[in-house]
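The values are calculated or read from the model by the stated rules, or taken from the named source; none is laboratory data. The structure presented is a predicted model; accordingly, all values stated were derived computationally and were not measured. A quick note on method: Cβ atoms are made from the backbone with ideal geometry, for glycine too, and the neighbour counts reach across all protein chains shown.
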Amino acid sequence: MTLSREASITGTADQIAARIRGEIESGKLPPGTPLNQVALANRFGLSRIPVREALRHLTAEGYLDYRPNKGAVVAGALSMDETLEILEIRELLEARLMTHAATHLTPSILAEAGESLRTLNRAGPDVVAGIHARFHTILFAAAARPHMVGIINGWRFRLAPRPEMDGRRKRDFATATRDVHRRLIEACVESDVKAVQRCVSDEYAIIRTFVGRSFAIRARGRRN
């Protein structure tokens, strides 16, 4: 894919990463697209140093794969084993993160999370994934662990339903996690760390069930 020159941005690695990340999520840069540092530097009117750092960030987040002699390319679909490994890592981090958050949630944060949850429960299939992410991110913020949050959320796109997953299944996932989310809010209100950790574990169990179904559907599609 040719990257045309565009108006320069101010040049921090985070801003470059945000631009490329958005293009990957929108499908403008599909899986397998090579990202050449020189071409990107010319496109943004910047030196290669912030571009190189941005590509490192995106590789760490799972958006890019680095291949010897080829450089960075947009990552493709994860295997079942890779997906389960990432879920295991995220569950461990999220349990730790919510342990920190549970005792630092203010009434205003809880109110915002509660409103986000009500929005999630009413959300349509086109927006449910984004609102689900926002609900958790509101709670995460109380932990004051931005790097942990970055790691957890950084893998969210790779684990999210791909475009071929229909809206009904996205909505089914939100319905399946509704009771867990309700219990999570209640545990947070009580600052009950153990209950919060159980909710994290219960939600990841549901996620694994849906991931298993998704891979089974994908496998049937390849056979047909």
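Scanning the range 12-48 for residues that are β-branched (Val, Ile, Thr), at pLDDT below 90 and surrounded by 19 or more Cβ atoms within 10 Å (Cβ to Cβ) turns up just one, ILE24.
Can you say whether SER191 is part of a loop (DSSP other than H, G, I, E, B) and modelled with pLDDT of 85 or more, as far as the supplied structure shows? Taking the combined requirement at face value, the residue satisfies it. Annotation note: of THR137, THR175, the sole residue that is more than 30 Å from ARG56 (Cβ to Cβ), assigned by TED's automatic domain parsing to the domain that holds LEU87 and either touching a Cys at 6+ places or on another chain (Cβ under 8 Å) or of a type in the set (S, T, N, Q) (or both) is THR175. Consider only pairs whose beta carbons are under 8 Å apart and that are at least six residues apart or on different chains; among these, list those whose first residue lies in the range 31-57 and is free of Cβ contacts under 8 Å to residues at least 24 places away in the same chain and whose second residue is basic (Lys, Arg). Here the result reads VAL38/ARG48; ALA41/ARG48, each pair linking the range 31-57 to a residue that is basic (Lys, Arg). Every test in (1) at pLDDT 95 or above; (2) under 23 Å from GLU25 (Cβ atoms) is passed by LEU159 save one, and that test is (1). VAL73: closer than 29 Å to LEU29 by Cβ and in a strand (DSSP E or B), yes or no? Here the answer is yes, as VAL73 does meet what is asked.
Just for the range 105-124: of the residues that are surrounded by fewer than 13 Cβ atoms within 10 Å (Cβ to Cβ) and either of a type outside the set (Gly, Ala, Ser) or in contact (Cβ under 8 Å) with a residue 12 or more places away in the chain (or both), which one is farthest from CYS188 (Cα to Cα)? This residue is GLY124.
One line per residue, one yes/no per condition, for (1) under 14 Å from VAL149 (Cα atoms); (2) in contact with a Ser or Thr (Cβ under 9 Å, 6 or more places away or on another chain):
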position	(1), (2)
LEU84	no, no
GLU91	yes, yes
GLU94	yes, no
LEU105	no, yes
ALA113	no, no
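Residues that are out of contact with any strand residue (DSSP E or B) (no Cβ under 6 Å at 6 or more places or on another chain), modelled with pLDDT of 85 or more, within 18 Å of LEU105 (Cα to Cα) and among the polar types (S, T, N, Q) occur at least once in the range 194-204.
Number of residues in the range 19-57 that are out of contact with any strand residue (DSSP E or B) (no Cβ under 6 Å at 6 or more places or on another chain) and either outside the structural domain of ASN69 (by TED's automatic domain parsing) or not small (Gly, Ala, Ser) (or both) equals 23. Cβ-Cβ distances below 7 Å connect the following pairs, each with a first residue in the range 204-221 that is within 20 Å of ARG178 (Cα to Cα), a second residue that is among the β-branched types (Val, Ile, Thr) and surrounded by 11 or more Cβ atoms within 10 Å (Cβ to Cβ), and a separation of six or more residues or different chains: ILE206/THR177; ILE206/VAL180; VAL211/THR83.
Whether a residue is outside the structural domain of MET148 (by TED's automatic domain parsing), under 30 Å from PHE135 (Cβ atoms) and surrounded by 15 or more Cβ atoms within 10 Å (Cβ to Cβ) was assessed, and GLU61 passes this test. Scan the range 126-152 for residues that are in contact with a helix residue (DSSP H, G or I) (Cβ under 6 Å, 6 or more places away or on another chain), of a type in the set (D, E, K, R) and touching a residue at least 40 places away in the same chain (Cβ under 8 Å) and the total you get is 1.
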